[in-house]
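Undergrad: Attaching a single structure in structure tokens format; questions to follow.
The values are calculated or read from the model by the stated rules, or taken from the named source; none is laboratory data. Since we're looking at a predicted model, the values are computed, not measured. For neighbour counting, all protein chains shown are included, and Cβ atoms are generated from backbone atoms with ideal geometry for every residue, glycine included. The protein model used for the area step is the full one, side chains on, heavy atoms only, and it has no ligands, DNA or RNA in it. Shrake-Rupley method; radii C 1.70, N 1.55, O 1.52, S 1.80 Å.
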Amino acid sequence: MLKVFSHYFPSHTLFKILTDAVLLCVAIVAALVWQLDAAKVDWRLVVPSAGLFALAMIALNSALGLYRPQRSASARDALVRVLLGVAVSAPVAFGVFWVLPWDHFATEAVQLTVLLLLGSVLALRGALNRRQERALFARRALIVGGGEEAASVEQVLRHPLVSGMELVGFYLPNDAEAEKIDPQRVVGRGMSLLDVARQLRVGQVIVAVRERRGGVLPLRELLDCKLHGIAVHDLSSFYEHISGHVRLDALKASWLIYGDGFRQGRARAFVKRGFDLVAASVLLLLALPVMLLTVLAILLEDGAPVFYRQERVGQAGRVFKVIKFRSMRRDAERDGKPRWAAANDDRVTRVGRLIRRLRIDELPQLFNVLSGQMSLVGPRPERPFFVDQLTRDIPFYAVRHSVKPGLTGWAQVRYQYGASVDDAINKLEYDLYYVKHHSLVLDILILVETVRVVLTGEGAH
């Protein structure tokens with residue numbers, strides 16, 4: 001894993017992105033050499049611009065999910081990703097052509113050739129993604145422990161293309177028992193942890209032992225591994241780096257207090273507020289025609305009111321009224337009792353089902369962003385009734401209120417739609433990751449992934 005502006009990216013995924021960008025750049029230059037008179041082309045401008053174009057197109061498709069690791073490798077998923085990439089990349093590419101220094105030779109034939117090469121590279125990547133082979137340059141990992149925690153880590157490491165790690169076995173400290181794992185995979189009995197790690201060429205040691213007192217953990221041996229260049233992770237950091245969320249069952253208050261992240265400085269607040277104002281204003285102008293059509297559709301189907309205002313809990317626990325397009329019947333809560341919105345809620349109107357699927361019902365919240373009650377990116381705001389319940393039932397739930405709630409968020413693009421306490425727990429794990437690592441780069445990444453989620457309908461409710 002590589003850390004870029006406090007966010008973790010799989011190194012093998014970055015390798016694939018760079019490989020495809022180089023491949024596309026070389027293919028574009030070769031096509032230009034074949035189609036054009038080399039003597040009339042300033043290659044000092046063309047080659048670097050071809051590289052920038054290739055990198056921009058591949059980065060765009062990365063944000064759209066083409067390079068996002070998948071546990072399944074179905075042909076349908078691969079085809080959807082490639083078609084989505086081509087559909088979005090084509091108009092963007094034509095726009096990029098206008099700013100590249102190719103204006104005097106970029107004929108329609110050249111542009112079509114470049115687009116065909118782009119489509120070919122995307123199709124090749126989609127085909128390669130279906131091959132569930134060992135990840136290139138996967139780091140060899142050793143798990144310390146043999147209980148439920150070790151078994152859950154093994155579940156993640158079973159997919160090297162997802163985790164970027166290859167599991168070599170389990171090390172049981174102090175003659176512990178293999179309670180939840182295959183005893184045949186236990187390695188290094190009677191040997192020190194460092195000797196086992198060296199013998200198996202291990203690059204990562206993952207400590208999957210909940211109890212840390214009474215000599216259960218070989219602390220000295222773990223320190224020796226770290227001093228010899230072997231990365232050592234506890235459960236919290238492992239799930240944080242690999243899965244982009246913070247496991248509540250492996251979380252301690254001391255980690256929140258003494259760990260890195262969770263910075264809420266003035267500079268970050270200033271940058272985030274400026275970004276919110278500019279981006280929300282632009283989005284509001286672009287979305288205005290869609291919003292007007294939505295108003296008309298709601299009026300025709302179910303009449304007024306068009307907007308729906310509801311109390312939500314914001315930063316520091318302050319209550320505000322969120323604005324959304326009404327997607328449910330006017331008598332949706334006639335009994336006065338707040339209820340979770342279900343995935344196939346019979347209270348949702350036909351227009352409401354469509355605007356929910358396309359996330360159009362969320363667009364009026366741009367006014368909440370402009371007023372400063374919300375941010376474009378952050379944890380989704382919940383109703384006070386549910387917040388009181390969840391704060392009682394879920395540890396550290398109130399931590400998510402240390403930042404402004406968002407129109408979209410890390411949990412929304414990484415976790416399917418949920419409407420229960422268990423779903424709230426899972427989404428909180430992603431919200432805590434965002435609160436810890438939030439930055440402008442992560443905000444932009446979430447906004448781009450939100451476009452992917454809307455276009456593919458992932459997590460729609």
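Undergrad: Can you find a residue that is within 18 Å of the chain's Cα centre (by Cα), open to solvent by 40 Å² or more (accessible area, probe 1.4 Å) and not polar (S, T, N, Q) anywhere in the range 379-393?
TA: For the range 379-393, residues within 18 Å of the chain's Cα centre (by Cα), open to solvent by 40 Å² or more (accessible area, probe 1.4 Å) and not polar (S, T, N, Q): absent.
Undergrad: Specify the residue that is most open to solvent (accessible area, probe 1.4 Å); the eligible residues are those in the range 190-205 that are in a loop (DSSP other than H, G, I, E, B) and over 17 Å from Met165 (Cα atoms).
TA: If we take residues in the range 190-205 being in a loop (DSSP other than H, G, I, E, B) and over 17 Å from Met165 (Cα atoms), then Gly190 is most open to solvent (accessible area, probe 1.4 Å).
Undergrad: Let me confirm something: among Leu116, Leu142, which residue is out of contact with any strand residue (DSSP E or B) (no Cβ under 9 Å at 6 or more places or on another chain) and either surrounded by 14 or more Cβ atoms within 10 Å (Cβ to Cβ) or at pLDDT 75 or above (or both)? Working first, answer last.
TA: On the way: Leu142 fails: out of contact with any strand residue (DSSP E or B) (no Cβ under 9 Å at 6 or more places or on another chain).
The match here is Leu116.
Undergrad: Additional query: Would you point out which residue out of Leu440, Leu455, Leu366, Leu354 is within 21 Å of the chain's Cα centre (by Cα) and over 27 Å from Phe238 (Cβ atoms)?
TA: Exactly one of Leu440, Leu455, Leu366, Leu354 is within 21 Å of the chain's Cα centre (by Cα) and over 27 Å from Phe238 (Cβ atoms), namely Leu455.
Undergrad: So for the range 25-40 (the condition being under 30 Å from Arg158 (Cβ atoms) and modelled with pLDDT of 75 or more), does at least one residue qualify?
TA: Checked the range 25-40: no residue is under 30 Å from Arg158 (Cβ atoms) and modelled with pLDDT of 75 or more.
Undergrad: In the range 165-189, what residues are out of contact with any Pro (no Cβ under 8 Å at 6 or more places or on another chain) and part of a strand (DSSP E or B)?
TA: Within the range 165-189, Met165, Leu167, Val168, Gly169, Phe170, Tyr171, Val186 meet the criteria.
Undergrad: Restricting the range 245-262 to residues that are surrounded by 14 or more Cβ atoms within 10 Å (Cβ to Cβ) and part of a helix (DSSP H, G or I), which is modelled with the highest pLDDT?
TA: So, considering only residues that are surrounded by 14 or more Cβ atoms within 10 Å (Cβ to Cβ) and part of a helix (DSSP H, G or I), the one modelled with the highest pLDDT is Leu248.
Undergrad: Further question on the same structure: Would it be correct to say that Tyr308 is in a helix (DSSP H, G or I), at pLDDT below 90 and either within 26 Å of Arg414 (Cβ to Cβ) or open to solvent by 50 Å² or more (accessible area, probe 1.4 Å) (or both)?
TA: It is false that Tyr308 is in a helix (DSSP H, G or I), at pLDDT below 90 and either within 26 Å of Arg414 (Cβ to Cβ) or open to solvent by 50 Å² or more (accessible area, probe 1.4 Å) (or both).
Undergrad: So which pairs qualify, if the first residue must be in the range 173-193 and small (Gly, Ala, Ser), the second must be in a helix (DSSP H, G or I), the Cβ gap must be under 6 Å, and the two must be at least 6 apart or on different chains?
TA: Gly188/Val196; Ser192/Glu221
Undergrad: What pairs can you find where one residue is in the range 349-378 and open to solvent by 30 Å² or more (accessible area, probe 1.4 Å), the other is in a loop (DSSP other than H, G, I, E, B), and their Cβ atoms are less than 7 Å apart, with a gap of 6+ or different chains?
TA: Hits for this filter: Arg357/Gly457; Arg357/Ala460; Gln373/Gly314.
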